[in-house]
Amino acid sequence: MKRNLLFPLTCIALIIAILILQFPLLPSLGVKSETRYRPGTYKAKGIGRDGDVVVEVTFTSDRIKSVKVVEHHDLAGIGDLAVEEIPKRIVSGQSIAVDVISGATFTSTAILRAVEDCVRQAGGNLDTLIKRKTDDKPPEVEVLEYDIVVVGAGAAGTAAALAASERNNSVLLLEKTARPMGASVFAGGLFAADSSLQKKAGKTVDKKWLFDQYMKASSGYMNSILVRTIIEESGKTVDWLIENGCELNLVDAGTGGSYAHVGMPATLHGYKEGGKVAIENLIESFKKNGGHVMFSTPAKELMKDSEGNIKGVVAEKEDGTILEIYAKAVILATGGFGGNEEMMKKYFGDKYTLGEITQNVGDGIRMAWDAGADEYGTSTAQYFWQKFTQSDVKALTNVLGYDYMSLTDFTFYPHLRVNTLGQRFSDETMASNFAIHGAQIHMQPNQTEFIILDTSVLKQIAEKGYASVEEHYGIWKDNRQFFMEFNMPTDTDELIKWENTPIDYTPLLDAAVGTGVVFKGNTLKELAINMGVDTNRFIESVNQYNKAIEQGIDNMFFADTERLIPVVEGPFYAVKYVARNLGTLGGVRINEKIEAVDKNGKPIPGLYVAGADAGGMYGKSYVDFEGGTLGFAYTSGRLAGINSAEYVKNSKQ
């Protein structure tokens, strides 16, 4: 009788299969193992831009099954893109060697660090997960042709593309991020002089007053013809934006927290639905006109013919494909260079603060300069309000969580400010004039200030609310003002309620002592020692400040002493802040047609530069009314679109 060999061979195969399933790392089988994990769900956190980013990662024995961001506090419209994209990239590639989201670097990095922690918890091999696949093949090249190419899908670029598309041109809008993420996404609104909203409300703004504000801010270091053109066109821009799906509310000056602006003309047309929705709606209007948008496609350089004339741009798709895009006109609107450390150091020296929009690294400015455009306005930055350093945010969130943001409440009110030398350095009643006070902080040693609080004012706020110290929003009772900034509501009804709500800040301050941000002393001397400032100078500053309040005359900075808040009762606290830079406001010299010009003022045919890449609207500092930057971005972009379309039309004849 023959033996049936099939049966034992089948049994052996079955046993091996079972062993593989039970012992996936079994070396005797000679199979090269990949990264293995202890199956389960693990949680970890990284430090984002504004606090903790908490991530949950689920593993099977051999795969990252899912990555979920379960908590984050970073800006809506910026951080949320990283929250959506980075987990998908990790799971898709089974790797943490993924590119961060341009413009959301802090959030992206926080997610990656948290996932690394989870991998360690699950026993995975990090070395395997950080290896990148390499491909030695040369990139493919694709050739495209349009009438006009716009680089940058922020306010200026989107407006330029939309305006150009309305004039029967083929228009391509390029954006290096995965979706619009510029300053326009979290800005509050734009200025105008004579929009339909202002006319309807009887609140048109004197154009001479606006022009004088620019002159005052620049001391003459501005392109007065450009400034005059932008002011004249500002109302038309607002009405045009509304027609194209950007919903705006006219709001009174000061409603966004800048109490110093209360009573000034109503220049601000605030986003009704937030900057993210506004830009998306404008892009949809652009698409309806036949416009084409390519995200995750950074422009690399301008193309020029043998005579140096602009003939298009070179860009790169996410898959590495190189695009040669031929065009009769190019509009650059890439948002300045606030995120470029090398350029910031070059033009602002060692004492610089990176801008809030980290992907704005001067792409358009560099391309324009390479094409022969003149340099103009590189020393202008929009210092605005104050903030904590990234290391301070980490220290604060470790003990306070997201409650640390309440420590910024003090910045809106006229508390005593001193620098790292212990000196009083400004009129505290102007602290809510964010542009001016931001510049003042920038000028201090280490770009740092301390706000000084005494126990008496903390008790008063705990019993009666901040309105008992100084009321900022009560004038709008029964006259609600509403707009969206940072894609979050700014609502005077809610602000009135908050300002009249008793809040005890003392437990928060006490908990933060020891973080290097909040300091406490039973006496002024003890506080100065703990702050690390000169004791005598600090006490002299406090005495001068208190004496000014007592006598009703401030011989140092001529402040309105009735608004100053005394520092008399211990224990005393100090909270440390640093200067905050929204970004740069210049780089390329342009004329009133938004054309890039050379050092002799001669236009470079077919090249336009709009928004924060363009110089000429400012001198050294930001203008002192609301909506200046966004107003210039939208209006310069609209004019660039109109004028480039006219240029293309003439070139075809």
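The values are calculated or read from the model by the stated rules, or taken from the named source; none is laboratory data. Since we're looking at a predicted model, the values are computed, not measured. Reconstructed Cβ throughout: ideal geometry from the backbone, glycine too, with neighbour counts over all protein chains shown. To get the accessible areas, we keep the full protein, side chains included, count just its heavy atoms, and leave off ligands, DNA and RNA. Shrake-Rupley method; radii C 1.70, N 1.55, O 1.52, S 1.80 Å.
Below is a table of values for the structure above.
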item: Failed item, numbered, when Glu301 is tested on (1) within 17 Å of Asp613 (Cβ to Cβ); (2) of a type in the set (Asp, Glu); (3) modelled with pLDDT under 95; result: (3)
item: Filter result (on the phi < 0 side of the Ramachandran plot and surrounded by fewer than 18 Cβ atoms within 10 Å (Cβ to Cβ)) within the range 393-420; result: Lys394, Asn398, Val399, Tyr402, Asp403, Met405, Ser406, Thr408, Asp409, Thr420
item: Of all residues making up the range 511-569, the number that are small (Gly, Ala, Ser), crowded, with 16+ Cβ neighbours inside 10 Å and either touching a residue at least 40 places away in the same chain (Cβ under 8 Å) or assigned to a loop (DSSP other than H, G, I, E, B) (or both); result: 5
item: Top-ranked residue of the range 91-108 - restricted to ones that are open to solvent by 50 Å² or more (accessible area, probe 1.4 Å) and in a helix (DSSP H, G or I), ranked as farthest from Phe186 (Cα to Cα); result: Ser92
item: Cβ pairs under 7 Å, 6+ apart, first in the range 153-174 and touching a residue at least 12 places away in the same chain (Cβ under 8 Å), second surrounded by fewer than 24 Cβ atoms within 10 Å (Cβ to Cβ) and of a type in the set (Gly, Ala, Ser); result: Leu162/Ser285; Ala164/Ala645; Ser165/Gly290; Arg167/Ala645; Asn169/Ala645; Leu174/Ala315
item: In the range 265-288, the residues that are more than 18 Å from Ala155 (Cβ to Cβ) and open to solvent by 50 Å² or more (accessible area, probe 1.4 Å); result: Lys288
item: In the range 321-359, the residues that are open to solvent by 30 Å² or more (accessible area, probe 1.4 Å), of a type in the set (D, E, K, R) and farther than 25 Å from Ser165 by Cβ; result: Glu341, Glu342, Lys345, Lys346, Asp350, Lys351
item: Residue check, Ala435 open to solvent by less than 20 Å² (accessible area, probe 1.4 Å), part of a loop (DSSP other than H, G, I, E, B) and of a type in the set (A, V, I, L, M); result: no
item: Residue identified as more than 30 Å from Ala395 (Cα to Cα) and not polar (S, T, N, Q) among Gly521, Gly552; result: Gly552
item: Extreme residue, nearest to the chain's Cα centre (by Cα), among residues of the range 184-243 that are part of a helix (DSSP H, G or I) and of a type in the set (Ser, Thr, Tyr); result: Ser184
item: Among (1) modelled with pLDDT under 75; (2) over 30 Å from Val361 (Cα atoms); (3) of a type in the set (Lys, Arg) - the single one Arg49 does not satisfy; result: (2)
item: Some residue of the range 343-352 being within 21 Å of Glu142 (Cβ to Cβ) and within 29 Å of the chain's Cα centre (by Cα); result: no
item: Members of the range 360-377 found to be over 11 Å from Thr584 (Cα atoms) and surrounded by 24 or more Cβ atoms within 10 Å (Cβ to Cβ), listed by number; result: Gly364, Ile365, Met367, Ala368, Ala373
item: Residue identified as modelled with pLDDT of 85 or more and out of contact with any His (no Cβ under 7 Å at 6 or more places or on another chain) among Leu81, Leu129, Leu75, Leu144; result: Leu144
item: Exclusive hit being open to solvent by 30 Å² or more (accessible area, probe 1.4 Å) and without any contact (Cβ under 8 Å) to a residue 12 or more places away in the chain, set Gln460, Gln423; result: Gln460
item: Some residue of the range 12-33 being basic (Lys, Arg) and at pLDDT 85 or above; result: no
item: Subset of the range 155-178 that is open to solvent by less than 40 Å² (accessible area, probe 1.4 Å) and part of a loop (DSSP other than H, G, I, E, B) - its residue that is farthest from Pro489 (Cα to Cα); result: Asn169
item: Single residue of Glu301, Glu318, Glu307 found to be open to solvent by 60 Å² or more (accessible area, probe 1.4 Å), within 12 Å of Val151 (Cβ to Cβ), over 19 Å from the mean Cα position of the chain (by Cα) and of a type outside the set (A, V, I, L, M); result: Glu301
item: Test: residue in the range 381-390 that is part of a loop (DSSP other than H, G, I, E, B), closer than 25 Å to Phe186 by Cβ, of a type in the set (Gly, Ala, Ser) and in contact with a helix residue (DSSP H, G or I) (Cβ under 9 Å, 6 or more places away or on another chain); result: no
item: Matching option when the condition is more than 29 Å from Gly291 (Cα to Cα), open to solvent by 30 Å² or more (accessible area, probe 1.4 Å) and at pLDDT 95 or above, among Ala253, Ala201, Ala193; result: Ala201
